[in-house]
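Quick notes on the structure that follows.
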Amino acid sequence: MATTSGSAHPRPETKRKREEILRAAIETFGTKGSTNGTLSDIAEQVGMTHAGVLHHFGSKQKLLLEVLDFRDQDDVAHLADQHIPGGPALFMHLVHTMIRNAARPGIVQVYTVLSAESVTEEHPAKDYFHDRYRVLRDDVDAAFRELCEQEGVTDPTSIDKASAAILAVMDGLQLQWLLDPAVVDLAEASEFAIQAIVNAVLRPGPGLSTYVREE
C-alpha cells in the first residue's frame with residue numbers, strides 16, 4: 001500500500017489516519033456507491049478537508065482500489081498465516097467467512113455495491129473484480145479436485161460449474177441479506193448452499209427433470 005512519504009512503513013499517525021479514511025470510505029461507497037460518494041463526504045466524516053484526503057491517497061480512484069485491498073486484508077487478518085487455506089478446508093473457510101460477514105455489514109455493502117458497478121465500462125474496479133473472480137474460481141476448483149481425489153471421485157465433470165456456482169451463491173445471498181436481513185440468515189443459507197454444491201459434485205443426484213410429473 002503506497003504512502004505519502006513513499007516509505008513502505010508509514011509513521012503510526014499516518015497509518016492510523018489512512019485507516020480512518022478507509023473506514024469512512026467503506027461507509028460512503030457502501031451507502032452511496034462509488035459515483036455518488038464523494039471525497040468531500042469522506043473528508044467530512046474524518047474531520048479533514050478534501051485536499052487532506054487527496055494528500056493520503058492521491059485520487060478517488062486510488063482510494064477506491066485501496067478500499068478493496070483493505071477489505072481483502074480484513075478477510076484474512078484473523079488467520080494465522082493471513083492467507084486462505086487450500087484443499088477441502090477452503091469450503092469451511094468460505095462458510096466461516098459468511099459467518100464473519102454477518103457481523104460486518106458495512107464491508108459487505110461496499111463489496112456488493114462496487115462489484116455490481118464494476119460491470120460498467122471503464123469502472124476503476126473492473127480489473128480488480130475480473131481478476132478476483134478468476135483467482136477464486138481457480139482456488140475453489142483446486143479445492144474440489146483435491147477433495148474428489150480424497151473421496152475417490154474419478155470423473156468430476158461438474159467442478160468448473162460448481163466453482164462458479166459457489167461464488168455466485170455467496171454474492172447473491174449477501175445481496176438478499178443486505179436487502180432483508182430479518183428474513184435471510186446469511187450464515188445458515190450460505191452453509192446450506194455450499195454444502196449442497198459440494199455434495200452434488202461428490203454424489204450427483206437425479207436431474208431436476210425427473211421430478212416433473214405429467215398431468
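Bear in mind that the values in this text are calculations on the coordinates, not laboratory data. Everything quoted here is computed from the prediction, not taken from an experiment. Don't worry about glycine lacking a Cβ; one is built from the backbone with ideal geometry, like all the others, and counts go over all protein chains shown.
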Practice task
With a/c under 1.5 counting as rounded, go ahead and sort the range 84-204 into rounded, prolate or oblate using the C-alpha gyration tensor (a ≥ b ≥ c being the square roots of the eigenvalues; past the cut-off, prolate if a/b is larger than b/c, else oblate).
Solution key: oblate
Practice task
Using only Cα atoms, tell me the angle between helix 126-151 and the longest principal axis of the chain; keep it within 0 to 90° and round to the nearest 10.
Solution key: 40 degrees
Problem - Net charge contributed by nearby residues that have their C-beta within less than 13 Å of A193 (K/R +1, D/E -1) - result: -4
Problem - Partners for K17 among lysines (Cα-Cα distance below 25 Å; same-chain residues under 8 apart left out) - result: K32, K60, K62
Completion exercise
Shape call for the range 153-215, from the Cα gyration tensor axes a ≥ b ≥ c (a/c under 1.5 means rounded, otherwise prolate when a/b beats b/c, else oblate), comes out oblate
Fill in the blank from the handout: Here, trypsin sites (Lys or Arg not before Pro) of the range 110-215 satisfying both criteria (DSSP loop; at most 12 other Cβ within 10 Å) are R213
Practice task
Report, to the nearest 10°, how far helix 186-202 tilts away from the longest principal axis of the Cα atoms in the chain, using its own Cα long axis and a range of 0 to 90°.
Solution key: 40 degrees
Completion exercise
Asserting the computed 222 nm helical MRE of the chain (DSSP H runs at least 4 long, -39500 (n - 2.57) per run, divided by residue count, to nearest 500) equals -23000 deg cm²/dmol
Completion exercise
As straight-line cross-link partners of K161, the qualifying lysines (C-alpha separation under 24 Å, not fewer than 8 residues apart within one chain) are K126
Exercise for the section: Compute the signed sum of charges (Lys and Arg +1, Asp and Glu -1) over the other residues within less than 12 Å, Cβ to Cβ, of P204. Expected result: +1
